[in-house]
1. Would you mind computing, in nm to one decimal, how far apart the modelled labels at Arg108 and Lys123 are, each placed 7 Å from Cα along Cα→Cβ?
2. Which loop-located GluC sites (Glu not before Pro) does region 62-129 contain, where loop means any DSSP state but H, G, I, E or B and the Cβ has at most 13 other Cβ atoms within 10 Å?
3. Indicate, rounded to the nearest 5 percent, the antiparallel portion of the DSSP beta bridges found entirely in region 40-124.
4. State which entries of Lys62/Lys104; Lys37/Lys123; Lys32/Lys123; Lys62/Lys123; Lys101/Lys123 exceed 22 angstrom in Cα-Cα distance in the structure shown.
Amino acid sequence: MKKTVIKTCRYSLFVFIFFCVITNNVFSEDFKSIPVKGTVTMIDLGAKKCIPCKMMAPILEKMEKKYKDKADIIFIDVWKNSDQARRFGIRAIPTQIFFDKEGKEVFRHVGFMNENAIIEQLKNMGVTN
């Protein structure tokens, strides 16, 4: 009985440590490289369950494909990554922040941002499709 308890405890400890390592890698995304140096970066800070954010999701997917290798389009779910909301000074979602190639913020928009407005801002920053 004692050996069974010890084996169970060891197994439980192993599972716990393994789970902690896996979830840390999955949920603690590496945001240190954002904004991406050397390229124009657009960050959309929102949440997957926020209505205007949901409306923007297909636009962001399209922009990500359209501007591949020309600009980085990044979505950060601030409900899952609240530290990033604080880091970028987010007061409402969605918020879009545009950074130049040096990583300097050049434009910020709060609320739903349509495709044409995103394209226009990227164009103003020298990014063409």
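1. According to this spin-label approximation, the distance is 2.6 nm.
2. Values: sites: Glu64, Glu102, Glu105, Glu115, Glu120; in loops: Glu102.
Of the GluC sites (Glu not before Pro), the ones in loops of region 62-129 whose Cβ has at most 13 other Cβ atoms within 10 Å are Glu102.
3. 60
4. Numbers: Lys62/Lys104 24 Å; Lys37/Lys123 18 Å; Lys32/Lys123 26 Å; Lys62/Lys123 16 Å; Lys101/Lys123 14 Å.
In this structure, Lys62/Lys104; Lys32/Lys123 lie more than 22 Å apart at Cα.
We did not get these values from a lab; they are worked out from the coordinates using the rules stated. Since this is a predicted model, take the numbers as computed values, not measurements. Here Cβ is always computed from backbone atoms with ideal geometry, including for glycine, and neighbour counts include all displayed protein chains.
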